[in-house]
Amino acid sequence: QVRFVESGGGVAQPGESLELSCLVSPVNLNYTIMGWYRQTPGQQREKVASLRPPGITNYLDSVKGRFTISTDANKKTVYLQMKILKPEDTGVYYCNGGESPVWPWGPGTQVTVSS
């Protein structure tokens, strides 16, 4: 069964950066489209970034130019580098399949952007 363990969240001030990590098993990241999703209170979970191997990426318009998704297949890890954070980036971040979330969700990692 595919499992995800997200980490790296925390509290940041507007303009700061965070990097999220997602340990994935037993998916081969060299061949699997992966994505990061975000859920905010009262809102549906939305996809913020996806990566199609070997390097085709897509981003939610509101994060373009600020977020970068990447993978390290040897470490079985998906990353989300987040820069110039804004309060509206606040939410719980999850990783899952990049075309659609076909596997059970992991626990997610909370990101709070506040001054």
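Throughout, read-outs are computed from the coordinates displayed, never taken from laboratory work. These numbers come from a predicted model, not from an experiment. Note: ideal-geometry Cβ built from the backbone for every residue, glycine included; neighbour counts use all protein chains shown.
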Neighbour cut-off at most 15 other Cβ (10 Å), DSSP loop, chymotrypsin sites (Phe, Trp or Tyr not before Pro), segment 21-63: TYR31
Through the Karplus equation 6.51 cos²θ - 1.76 cosθ + 1.60, θ set to phi - 60°, convert the phi angles of segment 57-62 into ³J(HN,Hα) values in whole Hz; use x for Gly and Pro. 10, 9, 9, 4, 3, 6
Return the lysines within reach of LYS75: Cα separation strictly under 24 angstrom, same-chain partners fewer than 8 residues apart disregarded; answer none if there are no such residues. LYS47, LYS83
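Rounding to the nearest 20 debye, state how big the charge dipole of the chain is about its Cα centre with +1 on each Lys and Arg Cβ and -1 on each Asp and Glu Cβ.
The dipole magnitude comes to about 160 debye.
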Find me the longest stretch of the chain that has none of the exposed trypsin sites (Lys or Arg not before Pro), where exposed means in a DSSP loop (not H, G, I, E or B) with at most 12 other Cβ atoms within 10 Å. 1-63
